[in-house]
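The values are calculated or read from the model by the stated rules, or taken from the named source; none is laboratory data. Quantities reported herein were computed from a predicted structural model and do not represent experimental measurements. Cβ placement follows ideal geometry from the backbone for every residue including glycine, while neighbour counts extend to all protein chains displayed.
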Amino acid sequence: MLRKIIHIDMDAFFASVEQRDFPQYRGKPLAVGGANDRGVVAAASYEARTYGVKSAMASKVALRKCPQLIFAKPRFDVYANVSKQIRAIFYEYTDLVEPLSLDEAYLDVTENKMNNPSATLIAKEIKQKIKEQTSLTASAGVSYNKFLAKIASDFQKPNGLTVITPAQAEKFIEDLPIEKFYGIGKVTAENMRKMSIHTGYDLKTLEKNELFRYFGKQGIFYYDIVRGIDERNVTPNRARKSLGIEHTFDRDLYNLREIFEALSHLVELFVERLEKYDTTGKTLTLKIKFTSFRQITRSKTVAHKLEGKDIIYKLSEDLLIKAITNQDVSIRLLGISVSNLYEPTIIEIDKNKQLSLNF
């Protein structure tokens, strides 16, 4: 039995929420992010995108492209609450929901709570409910696997609905420009173009062993998806692999006292985030970006779980000292993350916490 997969992707999510809540932003080029010289665009409205403004673009570059660009400070708590509203709609139809971020998710509706055999009609209903309950638009892709559903959702944005049936898949993939393939990044796409691979049709001419030789294990994935093969399941509750925080400073930090004060403040925020997500780990990684844009990371794995500001700060401080030894200190960004996440055993669970058993 072919699966029925829907990929829902909100349209310019952060920017659309701001335009919904603040009428003065509507119909105008808007960027969510910092407006200063060190700021970065987190999201851009469609009006801003017509000028070439994109997410992850430096704010000063965005302003050069669109001098009339308006900046709004991110309100992540608001975006998270809206995301919960949208996710609740998904669960009306299926429990097989795999969120990828606040604004997109996969749904497996092969068997669904509405007993509706049409994934296309379900996608239409979901889009309509999102519009009614949040005043926002979403784009949807419908197909028989995750790869094609993801590609389809981006095909007619904004407010689009694209269906790729098994009968349509081969031609659709063959005609697809290589840079539009989900899973093929900019660097890989450029390398492929140098190999005269410009479309799915071109990619399909390569044998599996050739793709493996050129692109390693990822080449096997390319071999499958260009043939419309993707057996990945929609997986609820995807396991978190790491948790981190980083900050780009308004000005470069040259003074060691300032650098360590900034690290201390970052650790405080990081510990709050660990507590919020009720997790920790055994591997701490410090990320440093220098004024020259050279970036390094330094990691340390310990035998015990990392808990408390003092322990995390001391380890971060040691990593920082080792990283900047014999270097001209001029830091643009600091980041901290924890991985090798800790999984508590039954013995280690707080006795004051009520246990819940899933039968």
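Structure summary
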{"read-out": "Residue within region 144-167 that is hydroxyl-bearing (Ser, Thr, Tyr) and in contact with a Lys or Arg (Cβ under 6 Å, 6 or more places away or on another chain) present", "value": "yes"}
{"read-out": "Tally of residues being part of a strand (DSSP E or B) and surrounded by fewer than 19 Cβ atoms within 10 Å (Cβ to Cβ) across region 43-66", "value": "1"}
{"read-out": "Helices (runs of 4 or more DSSP H) within region 204-312 that include 1 or more residues more than 30 Å from Val163 (Cα to Cα) and modelled with pLDDT of 85 or more", "value": "208-215, 256-277"}
{"read-out": "Verdict on Tyr277 being within 30 Å of Lys150 (Cα to Cα) and free of Cβ contacts under 8 Å to residues at least 60 places away in the same chain", "value": "yes"}
{"read-out": "Total residues in region 1-42, condition crowded, with 16+ Cβ neighbours inside 10 Å, of a type outside the set (A, V, I, L, M, F, W, C), modelled with pLDDT of 95 or more and at positive phi", "value": "0"}
{"read-out": "Any hit, region 9-31, residues being part of a helix (DSSP H, G or I), among the aliphatic types (A, V, I, L, M) and either over 22 Å from Asn159 (Cβ atoms) or touching a Pro at 6+ places or on another chain (Cβ under 8 Å) (or both)", "value": "no"}
{"read-out": "Filter result for Leu355 (hydrophobic (A, V, I, L, M, F, W, C), farther than 30 Å from Asp250 by Cα and either modelled with pLDDT of 80 or more or surrounded by 10 or more Cβ atoms within 10 Å (Cβ to Cβ) (or both))", "value": "no"}
{"read-out": "Filtered residue count, region 313-347, keeping only those that are at pLDDT below 85, under 29 Å from the mean Cα position of the chain (by Cα) and of a type in the set (D, E, K, R)", "value": "1"}
{"read-out": "Selected residue (criterion: nearest to Glu246 (Cα to Cα)) from residues of region 300-335 that are touching a residue at least 40 places away in the same chain (Cβ under 8 Å) and among the polar types (S, T, N, Q)", "value": "Ser316"}
{"read-out": "Condition check for Ala189: closer than 22 Å to Leu100 by Cβ, outside any loop (DSSP other than H, G, I, E, B), in contact with a strand residue (DSSP E or B) (Cβ under 9 Å, 6 or more places away or on another chain) and without any contact (Cβ under 8 Å) to a residue 12 or more places away in the chain", "value": "yes"}
{"read-out": "Enumeration of residues in region 166-189 that are surrounded by 13 or more Cβ atoms within 10 Å (Cβ to Cβ) and among the acidic types (Asp, Glu)", "value": "Glu170, Glu174, Glu179"}
{"read-out": "Test for Val78: is it farther than 18 Å from Thr165 by Cβ and out of contact with any Pro (no Cβ under 7 Å at 6 or more places or on another chain)", "value": "yes"}
{"read-out": "Residues of region 148-165 satisfying the condition of being in a loop (DSSP other than H, G, I, E, B) and surrounded by fewer than 19 Cβ atoms within 10 Å (Cβ to Cβ)", "value": "Asp154, Phe155, Gln156, Lys157, Pro158, Asn159, Gly160, Thr165"}
{"read-out": "Positions within region 67-91 being surrounded by 13 or more Cβ atoms within 10 Å (Cβ to Cβ) and part of a loop (DSSP other than H, G, I, E, B), in sequence order", "value": "Leu69, Pro74, Arg75"}
